[in-house]
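What follows is a set of notes on a single structure, which appears directly below.
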Amino acid sequence: MRLKISDVTMRYGKLTALQGVHSSADGGKVIAVLGPNASGKTTLLRTIAGLTTPSKGKVELDGVRVDKMTPHDRASKISWVPRIAEVSGAFTIRTVVELGRYAIGPSESRVTEALRQVELLDRSESLWHGASAGMRQRAAMARALAQRTPGGMLVLDEPSSALDMHHLKSMGEMLKQCASEGDIVIAALHDISFAMEIADAVIVLKEGRIVLDGQTNAVLTPSSLGGIYGVDLNWAVDEAGKRHLVMA
Amino acid sequence: MKIRTTATIVFLLLLLFAGIALRLLITRQVDGSITLAIPEQEFVLYRVVPLISALIVGAGLGVSGMGLQVLLRNSLASPWILGLSSGAGLGVMATMYFEHTYGATFVGSESGGAILGAVGTLSLVYVLSRRRTGIDPMTMVLVGVVVSVLCGAGIMVLQHAVPMGLRGSFTTWLMGSLPEVESWWKLGTLGGATVFGIALISWWGPTLDAACLSDDEATSVGVNLPRIRTRLFLVSSILAAIGVMLAGPIAFVGLIAPHGARLFLGGSHRSLTIATAIMGACLLVFADDIRQIVDIGSGRLPIGIVTSVIGGVVFLGLLLRNRGRV
């Protein structure tokens, strides 16, 4: 599967959220989308997932425009994990995860497996409204796992913002697992260390434009990121000899 | 169907049958005492017609409220939030005004005016709430409120313009009442349309479940949001308009019935639609039962007053329970 983003511009009235964005990605990779607040990360991801139509340009998956796909085709190829999952109605966590199979047909085994992966199987009959922010984020991940077709695309908007360290680690493993099965995995992240840990490539946005795009190790340096975020960064080396970007 | 769902629907049906039996048997004697007795042959129809009307209006308003709660993502939504009541009221008032002032006679008279007013108002709300990507729920609520206020102003202007005697007729209509005499053709047509509308919404149940996610999430799992919202709006509006046509503005059934059904069944809309329809019918039938029993010295209360008193208390409870989330 190949994702191609061609000259995507998104305007909301006078505000330009994205300006002339070009990029591409192949299956089997985890791509992190980074950037300061209001740099256009969520808009880019929503455009990639076919949830909105760009003002100009196009996003194609294997040559097919994602915003022109039928709802069924899009649901079978693209799974979406929002930053904050919202549900109105008295649903259990399991029912919310089952909704991932709405267009592509029910599968008890896929739903149960997804709930097990995010460690919510024993809480699956709890009501959604009683769930914590972290549980909701894991449930949204489970819904995407139950929905995804291996070899498709998984798009995540800050999927780890409410997770503790244990679940952050397992989230990283799940994303890498999906990529190893041929998925294109694209996630907007604020945690640079987590991005360096899981991403094969990064796209860095600033004011709606791509300012960095390439292999994670080559692109993420103290000087490149420091200028974008407006902070001084340094390398720090841990006991295992691994390098981390830290604020000076 | 799960055991809990079946048990709930059987329980609600038994409750409904109890309400129906009471309505048929409750008899007020000349001295004001209440007895349970099989009515004489000549009076049966005067109990059966309002009973059938209560079933149609209650079931339709309940399911209409449920549909609008999904459409507007607001657990306090009901048919009246979209200006249906004030639109229908304006239609009735306008009919009365023209009949009185110009001596004109309109087909269907008051109920015709009510249905025209309701459909006109809902069409206006629909057109003004449309965006490039379909109906916007928040815009729809705001437009509904504004249209309601404008219709309210129109009603006041017409009330001011008609003689005092007509104002009384209009006030009576506003209280809502179940007809004791109605043509079988009309009951059959409106009943059939209500059953069809309820069946449609129940059939769309899984889509309604998925439409309870946020817009992006619902779209990502494959819901065609613009299509389901338009369908829900149309069917919910028609169900509510049928209620207005038969019984005038009956408040709160559309709000309470879905919440009552959810207490038993949770959020799955296929079975919830059926339970809501039975719950709505129960509410109206029991309200009519209460109406037969309570006499505050001025005859039987209009049914709209009974549903308003019950509904007002439940509405406040919901409001307090949902404080901060609504």
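Suppose R0 equals 22 Å; then what is the FRET efficiency for residue B:25 and residue B:181 from their Cβ-Cβ distance, rounded to the nearest 0.05?
0.60
Give the lysines reachable from residue A:58 as a straight Cα distance under 30 Å; neighbours fewer than 8 places away on the same chain don't count.
A:4, A:14, A:29, A:41, A:68, A:77, A:176, A:206
Using the per-residue mean of other Cβ atoms lying within 10 Å as a proxy for protection, in what order, highest first, do the peptides B:86-92, A:236-242, B:272-278 fall?
The densest-packed peptide leads the list: B:86-92, B:272-278, A:236-242.
Looking only at other chains, what is the average number of their beta-carbon atoms within 10 angstrom of each beta-carbon in A:79-87?
4
Rounded to whole Å, give me the distance from the Cα center of the range A:211-247 to that of the range B:39-61.
When both Cα centres are located, 76 Å separates them.
What residues have an amide H closer than 5 Å to that of residue A:10, excluding those fewer than 5 places away on the same chain, when H is modeled at 1.01 Å from N in the peptide plane?
A:17, A:18, A:19, A:20, A:55
If the elastic network links every pair of Cα atoms under 10 Å, which of B:245, B:138, B:279 fluctuates the most in the Gaussian network model of chain B?
Looking only at B:245, B:138, B:279, the biggest GNM fluctuation is shown by B:138.
Can you list the HN-Hα couplings for the range A:108-122, worked out from phi with the Karplus curve (6.51, -1.76, 1.60; θ = phi - 60°), rounded to whole Hz and with x for Gly and Pro?
Using θ = phi - 60°, the values come out as 4, 5, 5, 5, 4, 5, 5, 5, 5, 4, 8, 6, 10, 4, 6 Hz.
Around residue B:73, with a cut-off of 10 angstrom between Cβ atoms, what is the net charge of the other residues, counting Lys and Arg +1 and Asp and Glu -1?
Around residue B:73, the charge tally is -2.
Per residue of B:197-207, how many C-beta atoms from partner chains lie within 10 Å of its own C-beta, taken as a mean?
Values: counts 0, 0, 0, 0, 0, 0, 0, 0, 0, 5, 2.
Partner-chain Cβ atoms within 10 Å, mean over residues of B:197-207: 1.
Give, as a single signed number, the net charge of other residues whose beta carbon lies under 9 Å from the beta carbon of residue B:301, with Lys and Arg counted +1 and Asp and Glu -1.
+1
As a test of the formula, what do you get for the protein assembly as shown when each DSSP H run with n ≥ 4 contributes -39,500 (n - 2.57) and the sum is divided by the residue count, at 222 nm and rounded to the nearest 500 deg cm²/dmol?
The helix contribution divided over the protein assembly as shown gives -18500 deg cm²/dmol.
What are the ³J(HN,Hα) values, in whole Hz, obtained from phi via the Karplus relation 6.51 cos²θ - 1.76 cosθ + 1.60 with θ = phi - 60°, for each residue of the range B:5-17 in sequence order, with x given for Gly and Pro?
Residue by residue, the range B:5-17 yields 5, 4, 4, 5, 5, 5, 4, 5, 5, 4, 4, 5, 4 Hz.
Choose one answer from B:295, B:31, B:216: the residue with the largest mean-square fluctuation in a GNM of chain B with alpha-carbon springs under 10 Å.
Answer for the Gaussian network model of chain B: B:31.
Which of A:11, A:148, A:46 moves most in a GNM of chain A, Cα contacts under 10 Å?
Answer for the Gaussian network model of chain A: A:11.
Excluding residue B:55 itself, calculate the net charge of residues whose Cβ lies under 12 Å from the Cβ of residue B:55, where each Lys or Arg counts +1 and each Asp or Glu counts -1. Could the numbers behind the result be given before it?
On the way: positive: B:23; negative: B:288.
Cβ neighbours under 12 Å give a net charge of 0.
I need the fraction of alpha carbon pairs in the range A:33-156 separated by more than 27 Å, rounded to a whole percent. Present the calculation step by step, with values, prior to reporting the outcome.
Working: 1710 of 7626 pairs.
Counting pairs separated by more than 27 Å, the tail of P(r) holds 22 percent.
Every number here is computed from the coordinates shown, using simple stated rules; none is lab data. This is a predicted model, so every value here is computed, not measured. We place every Cβ from the backbone using ideal geometry, glycine too, and count neighbours over all the protein chains shown.
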